[in-house]
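Taking it in order: structure first as structure tokens, then the write-up.
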Amino acid sequence: MKISLLKLAHARSGDKGDTANVGLIALKDEYYPLLVREVTAEQVKRHFGPMVKGDVERFELPNLKALNFLLHGSLGGGGTLSLMTDAQGKTFSTALLRMNIEVSDTEASALGM
């Protein structure tokens, strides 16, 4: 079964140069292990497709029940160089929350989904 990250987390994003920074925070502590397992750097890069020209790095913040992603080469050079509509990366968090992840029916039931 597929579940949207919007049901499991909230997110914030910003930028530094040509790199978008996206924080993904579990809505409940019990959702965090699922996020760690399913929301990999590779999955995030695949989700954003050609928008991310460079690597995606993932950092785990278990004390905050959060993941932080750096999306390198995603802002067309950055705020002062880019002609992109969102050269500061503010909407990347909303875009990530639209990603779907796979969970078993048993997991979904245990999580109250």
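Computed from the coordinates by the stated procedures, all read-outs in this text should not be read as laboratory data. As the structure is a computational prediction, the values presented were derived from the model and not from experiment. All Cβ positions, even for glycine, are placed from backbone atoms using ideal geometry, and neighbour counts span all protein chains on display.
Put simply, the amide H of Leu27, placed in the peptide plane, has neighbours under 5 Å in Ala9, His10, leaving out anything fewer than 5 places away on its chain. Placing pseudo-labels 7 Å out from each Cα toward the beta carbon at Thr106 and Leu61 gives an inter-label distance of 3.3 nm. Shown here is the pair-distance distribution of the chain: with all Cα-Cα distances grouped in 10 Å bins from zero up to the longest one, the shares run 15, 47, 27, 9, 1 percent. Pairs of Lys residues in the chain, spaced 8 or more positions apart or belonging to different chains, with C-alpha separations under 27 angstrom: 21 in total.
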